[in-house]
Each structure stands twice: as C-alpha cells, then as structure tokens.
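Asker: Handing you this structure, nothing more for now.
The values are calculated or read from the model by the stated rules, or taken from the named source; none is laboratory data. These numbers come from a predicted model, not from an experiment. Glycine gets a Cβ as well: all are built from the backbone with ideal geometry, and neighbour counts include every protein chain shown. Please note that ligands, DNA and RNA were not included when accessible areas were found on the heavy atoms of the full protein model with its side chains. Shrake-Rupley method; radii C 1.70, N 1.55, O 1.52, S 1.80 Å.
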Amino acid sequence: MKKVGFIGVGAMGHWMVNRLLDQGTDLTIYDSNIHALQPFEESSAKIANSVSEVGEASDVVILMLPNSSIVSKVITGEEGLKNSLKKNSIIIDMSSSYPFETQKMKAFLEKHDIRMIDAPVSGGVRGAKSGKLTIMVGAERQDYLEIEPLLKCMGSQIKLIGDTGSGHALKAINNYLSASSMYATAEAMILVKKLGIDPEVALEIINESTGQSYSTKMKYPNYVLPRKFESNFSMRLLLKDIKMAKSMASDAHIPMLLGSTLIEIYEAAYLMGGDEQDHTEIIKFLEQLSHQELSKGYSKT
C-alpha cells in the first residue's frame with residue numbers, strides 16, 4: 001500500500017482526509033493552521049510538523065491549497081517537497097491552480113525525478129463529505145492508472161482529461177460557467193419577484209424547461225431561497241476562478257467577452273459584501289441594486 005501525504009486540511013481537505021482514512025489509507029497530514037489538524041489527533045492519521053516531514057513519509061502527496069503561488073512554495077521552498085520526496089514519487093495537486101503554472105511545475109519536477117499530476121475537484125463540501133466529488137485529472141495515462149484507486153476514495157466521477165494542466169484548465173472553465181449561471185439566475189429571479197411571480201413556482205417550471213442549470217436545481221432551492229447561503233464555497237474563490245478562466249483565454253488569444261463583464265460584477269459584489277461571503281450571496285448584490293429582496297420567510301418543503 002502506498003504511503004500518502006495530504007497538505008491542506010481546510011473546508012474541503014478535512015472531509016477528503018476523512019474519506020481516505022475510512023478506506024484505511026496510510027496517511028500523513030499537514031496544515032499551516034494547527035487548528036485544522038486538531039480533529040485528527042485521535043485518528044489513525046499521522047500529523048506532521050512540516051511539509052518536509054510529509055514528503056519524507058510519503059510515496060504520494062496530495063495538495064489541497066488556495067492557489068498556484070502557495071503550491072509553488074510548498075513544492076520548491078527550502079523545506080519543500082522537491083527536497084524531501086523520494087525519486088519517482090507523485091504529487092497530486094487537487095487545488096484550483098493556474099494550468100500554465102502547473103505545466104511549468106511538472107517540467108521543473110521532472111528534473112528532480114518527481115511526477116506531477118493535477119486533479120482538481122467539483123462538488124463542494126457536500127461532495128467531499130459523501131466521497132462523490134467529480135475529479136478532473138491531468139496526467140500521463142500510466143500515472144493516472146497508478147493513482148486512480150486513491151482518487152476513488154474521494155470521488156465518484158473521475159475522468160482523465162488530458163496531459164498535466166488540463167484538469168486545472170477544465171476546473172476553471174467549469175467554475176466560470178457556474179458563476180455565469182449563478183448571476184444570470186439572480187437577475188431572472190429578481191425580475192420574477194418584481195413581476196409578482198412566486199420564485200419557488202418559477203424555479204419548478206424552469207427546472208422542467210430549457211433554462212435549467214445546477215444553479216436553478218440545487219443552489220437556489222437549497223441556499224438562496226431559504227437564505228442560508230452556506231454552500232461553503234466563497235465568492236473570493238469563485239472570483240479567483242473567473243479571473244483564471246479569463247487569463248487562460250487571454251494567454252490562448254481567445255476572446256471571452258462575457259468573462260470581462262462577469263469579473264466586474266463579482267468584483268463589485270465581493271467588495272460590497274466582504275471577504276467572508278459565500279458565493280451564493282451574489283443575490284444580495286443585485287437585491288441592493290434593484291431594491292427588491294427575492295424572498296422572506298421561505299422554507300423548503
């Protein structure tokens with residue numbers, strides 16, 4: 001059995017670690033926030049005191065970190081994985097990293113005889129808890145087959161997308177589409193309410209019609225109409241992904257006209273609502289502009 005390291009035990013990583021432990025994985029974990037590690041003190045996981053300690057103990061290291069910059073520090077820093085992992089080890093970056101940086105990192109690690117795979121996820125905390133994440137893998141096929149059983153501990157929909165970096169690219173594009181439908185639905189629902197139509201009835205019809213999306217079927221009924229706003233994916237992180245998709249388009253010389261507007265919308269909403277807001281709170285931004293609140297006292301049946 002491979003010895004596995006996991007760095008980044010945050011909102012998503014916490015539950016992914018639980019799923020790996022449930023499957024009997026030999027696991028060493030680390031997070032720069034010691035409070036994130038406390039729930040695992042009585043578990044079978046070994047808690048490391050540093051990144052290098054994880055590398056020394058592992059054949060495969062999973063990263064679940066905020067961005068490419070932090071991924072780079074964890075790998076290339078003085079106490080980083082490049083100096084502590086054995087030859088032919090594998091790093092699986094499950095973060096939302098910039099694909100072109102991921103490709104550069106792969107080339108860098110090849111010189112140290114370390115393999116690099118990207119495997120970002122979709123499905124949020126709900127999917128992480130249930131082990132039903134969608135995992136988009138960028139890897140050479142032989143490497144993918146080697147780590148596929150490990151990924152199956154955390155996800156139910158696992159797909160090899162292409163070479164290293166392609167998983168990160170598709171994750172950003174997916175979240176760009178998610179942000180687009182989330183805001184478009186906000187505009188539609190505010191208009192529905194203004195015209196005197198019950199938003200719950202409107203969603204029922206839309207979800208049987210061509211306007212349906214994951215936003216209308218899942219996010220609005222569960223997080224927006226009940227005004228819970230607890231999808232556990234922040235607007236700050238979604239804005240990062242929109243910007244990443246737009247940057248990829250610019251680097252690839254592909255026009256992304258809606259992307260430019262979407263960045264401005266989410267940037268304004270982020271500045272208005274603050275750092276801690278859930279991405280489903282985009283509705284509040286439009287409510288303030290339109291002086292029309294979508295829902296009061298709604299309870300989902």
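Asker: Among the residues of the range 263-290, which ones are small (Gly, Ala, Ser) and open to solvent by 30 Å² or more (accessible area, probe 1.4 Å)? I'd like the intermediate steps shown before the answer.
Answerer: So the first thing to find is which residues in the range 263-290 are small (Gly, Ala, Ser), and the list is 268-269, 273-274, 290.
268, 273, 290, listed by residue number.
Asker: Between a residue in the range 43-68 that is over 23 Å from residue 165 (Cβ atoms) and hydroxyl-bearing (Ser, Thr, Tyr) and any residue that is part of a loop (DSSP other than H, G, I, E, B) and modelled with pLDDT under 95, which pairs come within a Cβ distance under 6 Å, given they are 6 or more apart or on different chains?
Answerer: Cβ pairs passing all conditions: 50/79; 52/79.
Asker: Separate question: Could you tell me which residue of the range 118-150 is farthest from residue 235 (Cα to Cα), considering only residues that are aliphatic (A, V, I, L, M) and under 16 Å from the mean Cα position of the chain (by Cα)? Working first, answer last.
Answerer: Within the range 118-150, the first condition is being aliphatic (A, V, I, L, M), and the residues that meet it are 119, 121, 125, 128, 133, 135-137, 139, 145, 147, 150.
Checking the rest, the ones that are also under 16 Å from the mean Cα position of the chain (by Cα) come to 119, 121, 125, 128, 133, 135-137.
Numbers: 119: 22, 121: 17, 125: 15, 128: 19, 133: 20, 135: 21, 136: 22, 137: 24 Å.
Looking at the filtered set, the residue picked out is 137.
Asker: Please enumerate the residues belonging to the range 27-45 that are charged (D, E, K, R) and over 13 Å from residue 13 (Cα atoms). Show your work before the answer.
Answerer: The initial filter retains those residues of the range 27-45 that are charged (D, E, K, R), namely 31, 41-42.
Within the range 27-45, 41, 42 qualify.
Asker: If you check every pair at least six apart or on different chains, which have Cβ atoms under 7 Å apart with a residue in the range 97-114 that is farther than 16 Å from residue 84 by Cβ first and a residue that is of a type in the set (D, E, K, R) second?
Answerer: Sorted first by the residue in the range 97-114, then by its partner, the pairs are 97/118; 100/251; 102/93; 102/118.
Asker: Tell me, which residue of the range 223-262 that is of a type in the set (Val, Ile, Thr) and buried (at least 18 other Cβ atoms within 10 Å of the Cβ) is nearest to residue 166 (Cα to Cα)? Reasoning before the result, please.
Answerer: So in the range 223-262, the residues of a type in the set (Val, Ile, Thr) come out as 224, 242, 254, 261.
Narrowing further to those that are buried (at least 18 other Cβ atoms within 10 Å of the Cβ): 224, 242.
Numbers: 224: 32, 242: 16 Å.
Result: 242.
Asker: Within the bounds of the range 4-21, is there any residue that is of a type outside the set (Ser, Thr, Tyr), open to solvent by less than 20 Å² (accessible area, probe 1.4 Å), part of a loop (DSSP other than H, G, I, E, B) and in contact with an Asp or Glu (Cβ under 9 Å, 6 or more places away or on another chain)? Before the answer, list the steps.
Answerer: Start the filter on the range 4-21 by keeping residues that are of a type outside the set (Ser, Thr, Tyr), which leaves 4-21.
Now drop any that are not open to solvent by less than 20 Å² (accessible area, probe 1.4 Å), which leaves 4-9, 13, 16-17, 20.
Going one step further and asking which of them are part of a loop (DSSP other than H, G, I, E, B), we end up with 8-9.
Then drop every residue that is not in contact with an Asp or Glu (Cβ under 9 Å, 6 or more places away or on another chain), which leaves 8-9.
Within the range 4-21, one or more residues are of a type outside the set (Ser, Thr, Tyr), open to solvent by less than 20 Å² (accessible area, probe 1.4 Å), part of a loop (DSSP other than H, G, I, E, B) and in contact with an Asp or Glu (Cβ under 9 Å, 6 or more places away or on another chain).
Asker: Any residue at all in the range 107-124 that's in a helix (DSSP H, G or I), open to solvent by less than 50 Å² (accessible area, probe 1.4 Å) and of a type in the set (S, T, N, Q)?
Answerer: Within the range 107-124, not a single residue is in a helix (DSSP H, G or I), open to solvent by less than 50 Å² (accessible area, probe 1.4 Å) and of a type in the set (S, T, N, Q).
Asker: Is there a residue in the range 277-286 that is in contact with a Pro (Cβ under 7 Å, 6 or more places away or on another chain) and either within 30 Å of residue 167 (Cβ to Cβ) or free of Cβ contacts under 8 Å to residues at least 24 places away in the same chain (or both)?
Answerer: At the first step, the residues of the range 277-286 found to be in contact with a Pro (Cβ under 7 Å, 6 or more places away or on another chain) are none.
Checked against the condition, which is being in contact with a Pro (Cβ under 7 Å, 6 or more places away or on another chain) and either within 30 Å of residue 167 (Cβ to Cβ) or free of Cβ contacts under 8 Å to residues at least 24 places away in the same chain (or both), the range 277-286 yields no hits at all.
Asker: Just the residues that are open to solvent by 40 Å² or more (accessible area, probe 1.4 Å), more than 21 Å from residue 145 (Cα to Cα) and in contact (Cβ under 8 Å) with a residue 12 or more places away in the chain, please, taken from the range 73-95. First the steps, then the outcome.
Answerer: Step one: of the range 73-95, the residues open to solvent by 40 Å² or more (accessible area, probe 1.4 Å) are 73, 76, 78-79, 82-83, 86-88.
When the remaining residues are screened for being more than 21 Å from residue 145 (Cα to Cα), the result is 73, 76, 78-79, 82-83.
Matches in the range 73-95: 76, 79, 82, 83.
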